[in-house]
Amino acid sequence: MTQPIKTPLLDKISTPDQLRELDDAELPQLADELRAETVSAVSVTGGHLGAGLGVVELTLAIHKVFDTPNDKLIWDVGHQCYPHKIITGRRDRIRTLRQGGGLSGFTKRAESEYDPFGAAHSSTSISSGLGMAVARDLSGGDNNVVCVIGDGAMSAGMAYEAMNNAGAMDSRLIVILNDNDMSIAPPVGAMSAYLARRLSGGTYRKVRNWAKQLAKKLPKKWERRAARAEEYTRGFWTGGTLFEELGFYYVGPIDGHNFDHLLPVLRNVRDAKEGPILVHVVTQKGKGYGPAENSDDKGHATARFNVVTGAQEKSKPNAPPYTKVFANSLSKLAEEDEKIVAITAAMPSGTGLDIFGEKFPDRCFDVGIAEQHAVTFAAGLATQGYKPFAAIYSTFLQRAYDQVVHDVAVQKLPVRFAIDRAGLVGADGPTHAGSFDVAYLCCLPGFVVMAAADEAELVRMVATAASIEDGPSAFRFPRGEGVGVEMPENPEPLEIGKGRIIREGSTIALLSFGARLSECLNAADQLAAQGLPATVADARFAKPLDHELISGLVKDHDVLVTIEEGSVGGFGSHVLKFLSDEGLLEGGLKVRTMVLPDSFIDQDKPDVMYAQSGLDADSIIKTVFAALGREQAAETGERA
């Protein structure tokens, strides 16, 4: 007997209000449709798939139970927010995810009232949620604040700082721990679901509060014993002792894919009016889509893919990726130097240290989402004569700036920072752009700061960093492929603070710091065609500066233009200070500094973003002509 065809539900849902009109029994069908829509959308755009598939039921349950957007729902990091976007009025744009002019791959306040807090870096949800809860209380409001945080994000100290504060304040706040990898939960089944319902229900909470009030009337010693007995009895059954110690009422673990378990517990905690509550939900990354479930990373980040097979689109690389070049270079050096160690903060594959770790498992350390700890851990290694390389994205190193200053720079410790994702990064947008590291590192005394113009230079800079033993150093490199230059087999360390001349000219000097060098060479070709021979130089170092190189460029040229993939306050600013201090700005010299604009740039293809930012060859040419006060030939700007 054939099953009757079910009427699609997702087509009827454009906002959570419509979702709340459905019967509970209809939610499993809606979950299937929402999961299929998520897979379909990400197959077109690429993006973070596994985390979203793991929270489909949880997403629907939260929006079903809570009165969003009046009740505030905060997704930590935002990797898992695609299903949330689909049912909060953005389904018609979901296939513009991470595209130019399209939806952000993360939550974004400017995008929807259902995104009360923008995310992309982890472990911020509880802090921001507590702020919203306190603001509610100060304003006399009564809405709920719900924070969904993953087990990975729970490895960061900020999450515990926020929980400690929330517990001490006894603020009404709901935190949902989405546990999809930690294995901290006992088997999830009928017994745990039953306990969760009972422990989150009003009757148990009333009895518990009555017992607390009674205990307070007992002698202090008895009160402490009674509280401890109650806490550890619950902890024995649920594993929630740690969270209870932080002042949270713990409920769970419960099956995050079972509506019969989720809905009653969420309704209970919604109706609770006392103190902070943590609901421990166990989910599976990639749930319901075989290729994601079976992949090593559970479909964490994917390119475009075939929905049927799961096979991802792969373009044939023209040159090796910078990340792989770094990892192979470091591994080769480590074969000869047993003091070289590597540290990553939960990004082994993203930083290439999975390659290093396969060869040197005892010398590679993944510390979790804990950049502050990673930096100071590296500093501790450096004090004992080891050569730590801290491989951290530029955007994530910002999270550990105090440790870079206080624990590394002040003590002059030789920690080497391998800064991946320098400059603009494309689809991940402004939250992941590496815009500020040159500015925030060059102001620190004793730092050596380098930027690789190509993959061959990156190999040399890895060797250079390994050779520096009297203070901290950093070398930055972009996301993506190199430019296809010949690689040195036995790279020698660079002379500290010395750049290089790539091409000689007589009128214009283009001084590049980093991976815009190829654009400078392109611009130089076009300038030469207009009768403006240009020297192109690669600075290599922003600190210390090559004073001799800069002085020579100033002496022999009419215009000096510096170009970098970073914010104001970086390389160009230091060049200007040197010229000013030395009195080299006199005599009619025209100097221009080209940096990223003073704005956050939305996601797009990197070349489009750089053109919008005024850091492509065409923009360099326009800058030169503007400095000269001359009109640019019309055809110049049209040439590649």
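The values are calculated or read from the model by the stated rules, or taken from the named source; none is laboratory data. Note that the structure is predicted; figures quoted are calculated from it, not measured. Reconstructed Cβ throughout: ideal geometry from the backbone, glycine too, with neighbour counts over all protein chains shown.
Annotations
- Answer from TYR401, TYR393 - the residue that is within 18 Å of the chain's Cα centre (by Cα), under 21 Å from TYR322 (Cβ atoms) and of a type outside the set (Val, Ile, Thr): TYR393
- Scanning region 407-425 for residues that are surrounded by 24 or more Cβ atoms within 10 Å (Cβ to Cβ) and among the basic types (Lys, Arg), we see that the one that is farthest from THR383 (Cα to Cα) is ARG421.
- Applying the condition of being part of a helix (DSSP H, G or I), touching a residue at least 60 places away in the same chain (Cβ under 8 Å) and of a type outside the set (A, V, I, L, M) to region 545-577 and asking which residue is surrounded by the most Cβ atoms within 10 Å (Cβ to Cβ) yields PHE571.
- Any hit, region 363-372, residues being among the β-branched types (Val, Ile, Thr) and either at pLDDT 90 or above or within 26 Å of GLY150 (Cβ to Cβ) (or both): yes
- Selection count where residues are more than 24 Å from PHE625 (Cα to Cα) and assigned to a loop (DSSP other than H, G, I, E, B), scope region 578-592: 2
- Any helices (runs of 4 or more DSSP H) falling wholly within region 345-427 and containing at least 2 residues that are within 17 Å of LYS332 (Cα to Cα): 353-359
- Failed criterion for ALA51 (all others in (1) closer than 25 Å to ILE149 by Cβ; (2) in contact with a helix residue (DSSP H, G or I) (Cβ under 7 Å, 6 or more places away or on another chain); (3) of a type in the set (A, V, I, L, M, F, W, C) hold): (2)
- No other residue among GLY484, GLY514, GLY497 is under 25 Å from the mean Cα position of the chain (by Cα) and on the phi > 0 side of the Ramachandran plot apart from GLY514.
- The set of residues in region 609-632 being more than 13 Å from VAL559 (Cβ to Cβ), out of contact with any Gly (no Cβ under 6 Å at 6 or more places or on another chain) and in a helix (DSSP H, G or I) consists of MET609, TYR610, ALA611, GLN612, SER613, ALA617, SER619.
- Test for ALA327: is it touching a Leu at 6+ places or on another chain (Cβ under 6 Å) and either of a type outside the set (Asp, Glu) or over 20 Å from SER40 (Cβ atoms) (or both): no
- When residues of region 581-606 are limited to those that are under 21 Å from the mean Cα position of the chain (by Cα) and among the acidic types (Asp, Glu), the one surrounded by the fewest Cβ atoms within 10 Å (Cβ to Cβ): ASP598
- Residues in region 593-608 that are under 23 Å from VAL554 (Cα atoms) and either part of a loop (DSSP other than H, G, I, E, B) or at pLDDT below 95 (or both): 1 in all.
- The numbered conditions (1) crowded, with 20+ Cβ neighbours inside 10 Å; (2) of a type outside the set (Val, Ile, Thr); (3) under 17 Å from THR351 (Cβ atoms) are all true for GLU481 except (1).
- Neighbours by Cβ (under 6 Å, 6+ apart or cross-chain): first from region 352-364, closer than 26 Å to PRO478 by Cβ; second assigned to a helix (DSSP H, G or I) and of a type in the set (Ser, Thr, Tyr): GLY352/THR323; PHE356/SER331; LYS359/SER331
- Residue in region 295-304 that is of a type in the set (Lys, Arg) and modelled with pLDDT of 90 or more present: no
- Scope region 99-114; condition surrounded by 19 or more Cβ atoms within 10 Å (Cβ to Cβ) and free of Cβ contacts under 8 Å to residues at least 40 places away in the same chain; matching residues: LEU103, THR107, LYS108
- The helices (runs of 4 or more DSSP H) found wholly in region 22-81 include none carrying at least 2 residues that are surrounded by fewer than 24 Cβ atoms within 10 Å (Cβ to Cβ), β-branched (Val, Ile, Thr) and without any contact (Cβ under 8 Å) to a residue 40 or more places away in the chain.
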